[in-house]
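Trainee: Below: one structure in structure tokens.
No lab work stands behind these numbers, since they all come straight from the coordinates. The structure displayed is predicted, hence computed values, not measured ones. We place every Cβ from the backbone using ideal geometry, glycine too, and count neighbours over all the protein chains shown.
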Amino acid sequence: MERRSRCVWVMLLGVFLLLIGSAIAQQQNSQQPSPASQNPQSPEKATPGEGKPARSGESAPSMKPEPASAPKDVVIKGGTLLTVTHGRIENGSIYLHNGKIAAIGKTVNAPAGATVIDATGKWVMPGIIDAHSHIALRDDVNEPTNPVTPHMMMKDAFDYEDRAIYRALAGGVTTSLLLHGSANMIGGQAIVIKHKYGLGRDELLFPGAPQSIKFASGENPKRVYGSRNQLPATRMGNFEVMRQSFQEAREYMRSWDDYEAKVKKGDKDAAPPKKDLKLEALADVLRGKLLVQIHCYRADEMLTEMSIAKEFGYKIRAFHHSLEAYKVADKIAAEGIAVATWPDWWGFKYEAWDGIPWNAVISLHKGARVVIKSDSEDVTRRLNTEAGKIIHYGNVSEEDALKMITLNPAWVLGVDERVGSLDVGKDADITIWNNYPLGSNALVDKAIIDGEVFFDRSLPGTGLTHLKEAQ
Amino acid sequence: MLKRSLVAVVLLAAAAFAQSGEKSEVIALRGGKLLTVSHGTIEHGVLVMQNGRISAIGGANTAIPKGAKVIDVTGMTVYPGLIDSETHLGLTEVSADRMTNDELEPSDEIMPHMHVADAFHAETALIPVARINGITNAIVAPSEGDTLPGQDAFIQLDGKSAPEMLLVRDIALPLNFTGRQRRNQNFDQAKFPFTRMGMAAQLRQSLIDAQDYEQKLNAYEKKKSGPDAEKAGAPPKRDLKLEALLPYLHGQKPVVLAAEEADDVQTAMDIAKEFHLRVIFNHLTHASSILDKVAASGFPVIVGPIYEQPKESERYDAVFRLPAEMQKRGIKIAFASFDAHQVRNLPYAAGYATAFGLPPEEALKAITLNPAQMWGVDKDLGSLDTGKVANVVVANGDPLDVRTDVKHVFIDGAEVPLVNKQTELRDRYWK
């Protein structure tokens, strides 16, 4: 009772501060979140996967007042639109309303007062989505103290001021999945961010995005724990650790089911089992609440991962790296699992020895959903050229190549209804390029997120629109 | 001195290239767009290869010898074989496995008597992988963990054995001053050299020791050939380490001076000047503030990797822009993959630099003629000119574009099959 009243008080204080904050912000015409506008409750509210998606300028989680510069209506005019889902529109237009794509076509009906972005002679495509990134996590990518750490929340280490977010944005990336590392068979839970560099932490979180969890396999867990003479030191150990963990999670769920059944029957003496964060997180995997993203290289490991998933009744969303996916792509495709890979990395360790640059195209032809991702602070800045390589290695269509860095990673993240193509109703996350974006010589002129320009190459300094240079 | 050194290198190269030229088939490429690099673009051109060399190049009317094998390359682009100015090809197989790596001798910072030619593994699986994107020649360098890690070799990416592929052994000596050559950074267990001061002092001392060594040798020789020959005594003990430095102290061969930050570049330049070293700069990734000084030195630069991150305070494209900024100042640049497994991506770095202002023809030059000149092999390589070695690439588009697929590679005028370990796996599983 006492706790609840304190909560209410904090909430009231929050609303009060917010009012003051927004007043100050309006006065200063500030684009920065003022400290007073930080809602003490927003971290809980903003937990992805809970509540309905909230838009900037509407309600929580973003308690910051809409920046004065954010235009309600924007029209991008005159470019070649690469829609991803319905081909090219030459000399087309897109109408953005309240951060969403409201219309797209040869011409659009936009209000007279709309801000016009002239894209004549330019290329317009959805913002790039990187389905495998470890930027903005400082050095806290791995919790390498136990091979099973599903309760690690990457959000707790999220360094939203990391310049890497900006540099990726300048390369056209508007959304990223920030994953736990691959030291552990079962790692931590990821966050999905939008690259709204310069804004506050919660404004960078992708509202309503489902929660993903990182698994790994192969040489990394073997090396990390094997070098300490701990389990796992082999692939046998790797997979047994997983089975053991899910077995414990099953028993944990059963103990709670038993307890709740007793309570339901009116048993007032029933004692609740101990709440265990780790087992709770594993239970969420078994309950299907988490998208499972698995780091793996070898074909045999992918098959074993699939059989364990079947045994314990959860689904795998994507195999990451998956350099040997081409060897078993039909089986991967049959399970509806995506292949998130690099175009041409190989040879840096034994499990990468059979990597070939045709992995993406073979997997595509066998029916898998293919993603090109970075896993690199460098490569995330130029995923467009990485997708272009798949045209070289396999002659895939423009649409297929584009999908690998837009709509397909959006699906891996569970946000394909929201982003990843130029379609009406989707978030207005759009990049404008000076040259054909799948070639070697293209630069991002503007990166737009939720209808607002966050990067503009023509500006002096960083090109950022929401960062005070003094920061 | 510079002239003398060039003559020396050219002689070495000429000897190496003399091995080639036994291939008897005459091949003519007809109808392609020839990017000559040295004298512009020829549309619908003809290029003839004979005895391992380019025997003719010109427009559609260029005579094709009778009996030549004619390959129609209409719609294709034809350009010189690409030259990668720093690789570790033949020194590594699986990066994570130490037993397959011969990239660095870590027992001392000063190891100029190491020769990568001694470790070069001609049958490496990595060379055919690099080759199918049109890379035909490369520098093989030790990695950068030592101040003087040993001498580079210049290779051709085809041949049945190491001697066939090693065109120039000991072509240059890397001189690394990036701050990463110190052995440990634990103050309590510090071992000399622990600082940049220490590394610079150690390097200077080595160069001075080599000069002294040479003086002693010369004094002995002089005495021995003079009237007091009997009093000359025993010759000075031969020291391979110091001996290895002599061609570089004479400026006969270049040192490849690797530094990243502006201050390191200048410290290393000071040392190079003190000892009259002939320099090819390497990296200069964070030295944009002193490019005018670099230009004034007249020395060329292996630029990059341009994919290095800029400093935190810098604009996102501070490093991407470097090649263009250097070229604008008249600095001769070359690109390198600085890698082994990803040598095939060399042209894409040059291509990416064009997005940031490097003219495309200059970008192509920086992976062909510029490195050929820098390494003293431009008599034979680097452009499509009559008389040069027929290292020629045919592709379906712009050589610098990631989408472009290489269709033919000729080395010494003979077509090299575009197969490797990876194409075998592709063909096995892509059914």
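Trainee: Might you report the magnitude of the Cβ-based charge dipole of the stretch A:128-419 about its Cα centre, with Lys and Arg at +1 and Asp and Glu at -1, to the nearest 20 debye?
Mentor: Working: 39 positive and 41 negative charges, 68 e Å.
Rounded to the nearest 20 debye, it is 320 debye.
Trainee: Given a Förster radius of 41 Å and the C-beta distance between B:ASP263 and B:LYS379 as r, what FRET efficiency does 1/(1 + (r/R0)^6) yield to the nearest 0.05? List each step's numbers first, then the result.
Mentor: On the way: r = 38 Å, r/R0 = 0.92.
Here the calculated transfer efficiency is 0.60.
Trainee: Semi-axes of the equivalent ellipsoid for the stretch A:128-419, please: Cα gyration tensor eigenvalues, times 5, square-rooted, ordered largest first, whole Å.
Mentor: Values: eigenvalues 205, 102, 67 Å².
After diagonalising the Cα gyration tensor, the semi-axes are 32, 23, 18 Å.
Trainee: What FRET efficiency, computed as 1/(1 + (r/R0)^6) with R0 = 56 Å and r the Cβ-Cβ distance, is obtained for A:GLU251 and B:SER107, rounded to the nearest 0.05?
Mentor: Efficiency for this residue pair is about 0.55.
Trainee: Which of B:SER55, A:ASN408, B:GLY32 sits farthest toward the positive end of the charge dipole of the protein assembly as shown, with +1 on the Cβ of Lys and Arg and -1 on the Cβ of Asp and Glu?
Mentor: Checked the options; the winner is A:ASN408.
Trainee: Rounded to the nearest 20 debye, what is the charge dipole size of chain B about its Cα centre when +1 sits on each Lys and Arg Cβ and -1 on each Asp and Glu Cβ?
Mentor: That gives a dipole near 840 debye.
Trainee: Please name whichever of A:ILE362, A:TYR166, A:VAL263 sits farthest to the positive end of the charge dipole of the stretch A:128-419, dipole taken about the Cα centre and charges placed at Cβ: Lys and Arg +1, Asp and Glu -1.
Mentor: Checking the options against the dipole of the stretch A:128-419, the answer is A:VAL263.
Trainee: Follow-up. Taking the simple approach of a point 7 Å from Cα along Cα-to-Cβ for both B:GLU123 and B:ASP270, what is their distance in nm?
Mentor: 5.0 nm
Trainee: Nearest 10 degrees, 0 to 90: what angle lies between the long axis of helix B:2-17 and the longest principal axis of chain B (Cα atoms)?
Mentor: Taking the Cα atoms of chain B, the angle to B:2-17 is about 50 degrees.
Trainee: Where does helix B:346-355 land angle-wise versus the long Cα axis of chain B, in degrees 0 to 90, nearest 10?
Mentor: Helix B:346-355 and the main axis of chain B meet at about 80 degrees.
Trainee: Same structure again: How large is the charge dipole for the protein assembly as shown, taken about the Cα centre, if only the Cβ atoms of Lys, Arg (+1) and Asp, Glu (-1) carry charge, to the nearest 20 debye?
Mentor: The dipole magnitude comes to about 840 debye.
Trainee: Enumerate the calculated ³J(HN,Hα) couplings along the stretch B:196-203 in order (Karplus 6.51 cos²θ - 1.76 cosθ + 1.60, θ = phi - 60°), each rounded to whole Hz, writing x wherever the residue is Gly or Pro.
Mentor: Using θ = phi - 60°, the values come out as 4, 4, x, 5, 5, 5, 4, 5 Hz.
Trainee: Taking only Cα atoms, what is the 0 to 90° angle, nearest 10, from helix B:262-274's long axis to the longest principal axis of chain B?
Mentor: The angle comes out at about 70 degrees.
Trainee: Please state the Cα pair-distance histogram of the protein assembly as shown with 10 angstrom bins from zero: what percent is in each bin?
Mentor: All Cα pairs, binned at 10 Å, distribute as 2, 11, 19, 22, 20, 14, 7, 3, 1, 1, 0, 0 percent.
Trainee: Still on this model: Remind me, relative contact order of the stretch B:144-197 in percent, using alpha carbon pairs under 8 angstrom and six or more residues apart?
Mentor: Working: 70 pairs, mean separation 19.3, N = 54.
Once divided by the residue count of the stretch B:144-197, the mean separation gives 36 percent.
Trainee: Test of the criteria: in the stretch A:88-146, which trypsin sites (Lys or Arg not before Pro) are in a DSSP loop and have at most 16 other Cβ atoms within 10 angstrom of their Cβ? Before the final figure, lay out the partial values.
Mentor: Numbers: sites: A:ARG88, A:LYS100, A:LYS106, A:LYS122, A:ARG138; in loops: A:LYS106, A:LYS122, A:ARG138.
Listed in order of number, the matching sites are A:LYS106, A:ARG138.
Trainee: Counting Lys +1, Arg +1, Asp -1, Glu -1, what net charge surrounds B:GLY179 among other residues with beta carbon under 10 Å of its beta carbon?
Mentor: -1
Trainee: Working out 0.36 nm times the residue gap between B:ASN184 and B:GLU43, then minus their Cα-Cα distance, what length gain in nm do you get to one decimal? Kindly include the intermediate steps, with their values, before the conclusion.
Mentor: Details: separation 141, 0.36 × 141 = 50.76 nm, distance 5.71 nm.
Length gained between B:ASN184 and B:GLU43: 45.0 nm.
Trainee: How crowded by other chains is A:395-402, given as the mean number of beta carbons from other chains within 10 Å of each beta carbon? Don't skip to the answer; put the middle values down first.
Mentor: Details: counts 3, 0, 0, 1, 0, 0, 1, 0.
Mean shielding by partner chains, rounded to a whole number: 1.
Trainee: Under 5 Å between amide hydrogens, which residues at least 5 positions from B:ASN282 or on another chain qualify, with H placed 1.01 Å from N in the peptide plane?
Mentor: HN-HN under 5 Å from B:ASN282: B:LEU257, B:ALA258, B:ALA259, B:ILE302.
Trainee: How high is the FRET efficiency from B:ALA234 to A:GLU399, r the C-beta distance, R0 60 Å, rounded to 0.05? Before the final figure, lay out each step's value.
Mentor: Numbers: r = 79 Å, r/R0 = 1.31.
Given R0 = 60 Å and the Cβ-Cβ separation, E is 0.15.
Trainee: Right, here's the next one. Where in the stretch B:263-292 is the amide nitrogen less than 20 Å from a point lying 7 Å along the Cα-to-Cβ axis of B:ASN218?
Mentor: Hits in the stretch B:263-292 for B:ASN218 at 20 Å: B:272-278.
Trainee: Can you tell which of B:GLY134, A:THR431, B:THR195 lies farthest toward the positive end of the dipole of the protein assembly as shown, using +1 and -1 charges on the Cβ of basic and acidic side chains (Lys, Arg; Asp, Glu)?
Mentor: Comparing the listed Cα positions along the dipole, A:THR431 ranks first.
Trainee: Which residues in the stretch A:218-256 have a backbone N closer than 17 Å to a point placed 7 Å from the Cα of A:ASP139 along the Cα-to-Cβ line?
Mentor: From the stretch A:218-256, the list is empty.
Trainee: How far is it, in nm, from the label point at A:ASP159 to the one at A:ALA271 when both lie 7 Å from their Cα along the line to the Cβ?
Mentor: The two pseudo-label positions are separated by 4.5 nm.
Trainee: While we're looking at this one, here's another question. Is there a simple number for the mean count of other chain Cβ atoms within 10 Å of the Cβ of residues in A:352-360, and what is it? Intermediate results must be reported in sequence, preceding the final value.
Mentor: Details: counts 4, 5, 4, 3, 10, 7, 7, 4, 0.
Average neighbour count from other chains, rounded to a whole number: 5.
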